[in-house]
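What follows is one structure encoded as structure tokens, with my remarks underneath.
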Amino acid sequence: MIPDNEFIRMEGVPITKEEIRAVSIGKLRLSKDDVVVDIGCGSGGMSVEIARRCKFTYAIDVNDKAIETTTKNLKKFGVENCKVIKGNAKEILNDIDFNKAFIGGTKDIEGIIKILNKKEINHIVANTIVLENTVKIISLLEKYNYNVEVVNVSISYGKKISVGHMMMAKNPITIITGKKG
Ligand SMILES: C[S@@+](CC[C@H](N)C(=O)[O-])C[C@H]1O[C@@H](n2cnc3c(N)ncnc32)[C@H](O)[C@@H]1O
């Protein structure tokens, strides 16, 4: 994994932390034949890591700054097998071919999961912070007969204080995996 501080960051939108990227990448079980879409690519933290491990990646975001930052990070890390597309994933997914999806953004999630199911995408991994989004994604995946695994990851970073290291907790992230077949 690339350390967090090596990425160019987009103001106001946190990059997926190195440890969360590691678990999420593990859950995607990537192979060199996979074509993966990163829905809500933000700064491109996941797009870069995914593209380095598969055949091709589509990085989609509605936000101009996200598109700009992801493009810069792809260039910085020498990633050439990733196309960055601006827009709402709901309007774009029907026009591209891929076999796995990573979900990092949840706007219009009902429509997005409906399309993923219709396109027979049998391996989906989502990261959520907000409880309501976690519940919504689990329910939607179950509605479309995906087998769902839910993992909650809590990370604490050691901070040096006078008497030793104090562990400072970050907010937990839920990693939801939906699979069929
Ligand atoms: C938490 S950030 C993702 C962080 C990213 N994984 C990273 O490491 O930099 C979520 C992003 O999803 C985008 N987003 C949310 N819903 C979306 C949608 N339906 N289509 C495209 N982008 C979306 C937001 O604009 C935001 O940039």
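The values are calculated or read from the model by the stated rules, or taken from the named source; none is laboratory data. Treat the numbers as computed from the prediction; the structure is a model and nothing was measured. Here Cβ is always computed from backbone atoms with ideal geometry, including for glycine, and neighbour counts include all displayed protein chains. Side chains are part of the model used for accessible areas, which takes the heavy atoms of the whole protein and leaves out ligands, DNA and RNA. Shrake-Rupley method; radii C 1.70, N 1.55, O 1.52, S 1.80 Å.
See the values below:
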| quantity | calculated |
| --- | --- |
| Accessible surface of the stretch 1-142 [probe 1.4 Å, protein heavy atoms]: carbon and sulfur percent | 48 percent |
| Å² of accessible area per residue within the chain, as computed with a 1.4 Å probe and no ligands counted | 52 Å² |
| Cα coordinate range in the stretch 123-181, projected on the principal axes (Å, largest first) | 53, 23, 10 |
| Sites residue 144 and residue 108, calculated FRET efficiency, Cβ-Cβ separation with R0 22 Å, nearest 0.05 | 0.90 |
| Computed accessible area, residue 150, all protein chains, 1.4 angstrom probe, square angstrom | 80 Å² |
| 15 Å Cα-Cα reach of residue 55 towards aspartates and glutamates, excluding residues that sit fewer than 8 places from it in its own chain | 33, 34, 38, 80, 97 |
| Using a Förster distance of 25 Å, the FRET efficiency for residue 169-residue 6 (Cβ separation, nearest 0.05) | 0.60 |
| Shape category assigned to the chain from the gyration tensor of Cα positions, a/c cut at 1.5 | oblate |
| Share antiparallel - DSSP beta bridges, the stretch 18-179, percent rounded to 5 | 55 percent |
| Residue pairs, from the table 72/170; 17/75; 118/143, whose Cα atoms sit over 22 Å apart | 72/170 |
| Contact order normalised by residue count of the chain, Cα under 8 Å, 6+ apart, percent | 18 percent |
| Net length gained if the chain between residue 85 and residue 136 were fully extended (0.36 nm per residue, minus Cα distance) | 15.8 nm |
| Using a Förster distance of 35 Å, the FRET efficiency for residue 156-residue 31 (Cβ separation, nearest 0.05) | 0.60 |
| Net charge dipole size for the chain [Lys, Arg +1 and Asp, Glu -1 on Cβ; Debye, nearest 20] | 280 debye |
| Accessible area (Å², 1.4 Å probe, nearest 10) - residue 64 | 100 Å² |
| Accessible area (Å², 1.4 Å probe, nearest 10) - residue 86 | 110 Å² |
| Within straight-line cross-link reach of residue 107, lysines at Cα separation under 16 Å, skipping those fewer than 8 residues along the same chain | 86, 90, 136 |
| Positive-end residue of 162, 40, 94, charge dipole of the stretch 39-179 with Cβ unit charges | 162 |
| Segment residue 13-residue 180, length gained on full extension (0.36 nm per residue, minus Cα span) | 57.0 nm |
